[in-house]
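The values are calculated or read from the model by the stated rules, or taken from the named source; none is laboratory data. No experiment lies behind these values; they were computed from the predicted model shown. Cβ placement follows ideal geometry from the backbone for every residue including glycine, while neighbour counts extend to all protein chains displayed. Side chains are part of the model used for accessible areas, which takes the heavy atoms of the whole protein and leaves out ligands, DNA and RNA. Shrake-Rupley method; radii C 1.70, N 1.55, O 1.52, S 1.80 Å.
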Amino acid sequence: QVQLVESGGGLVQPGGSLRLSCAASGSISRINNMGWYRQAPGKQRELVAVITYGGTTNYVDSVKGRFTISRDNAENTVTLQMNSLEPEDTAVYYCNAQVVVSEYWGQGTQVTVSS
């Protein structure tokens, strides 16, 4: 079993920055993909960014050039640096980890972008 704990959400003004972190613990041999998803009110959960064990990254078009995902394989952590935040980025952000054939989720952290 793997547990994911997120931190770093909050309220920020448009144009501001936030940094989300997620730490994985438990029975971990190797985490393949780690990623961040988000779900805004009334919308489906969407993939924001994903990073493979080897460091290959992929982003949804709406955050390219503004968000950066990174990970520390030794510490089993993944980070999402979010810059130039927009009101449309407001959502609950969820950490995701894929271990062998299993998938795990964090509890979610609220990000609100508002003036």
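Listing for the model above:
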read-out	value
Odd one out for Val2, checked against (1) more than 28 Å from Ser115 (Cα to Cα); (2) open to solvent by 40 Å² or more (accessible area, probe 1.4 Å)	(2)
Any hit, the range 21-41, residues being among the basic types (Lys, Arg) and open to solvent by less than 20 Å² (accessible area, probe 1.4 Å)	yes
Enumeration of residues in the range 69-92 that are more than 17 Å from Ile31 (Cβ to Cβ) and buried (at least 17 other Cβ atoms within 10 Å of the Cβ)	Met82, Leu85, Asp89, Thr90, Ala91, Val92
Yes/no for Ser21 being modelled with pLDDT of 95 or more, in a strand (DSSP E or B), touching a Ser or Thr at 6+ places or on another chain (Cβ under 7 Å) and closer than 12 Å to Gly106 by Cβ	yes
Test set (1) over 12 Å from the mean Cα position of the chain (by Cα); (2) basic (Lys, Arg); (3) in a strand (DSSP E or B) - Arg30 fails condition number	(3)
Flag for Val63 being of a type in the set (Val, Ile, Thr) and either open to solvent by 50 Å² or more (accessible area, probe 1.4 Å) or closer than 14 Å to Ala23 by Cα (or both)	no
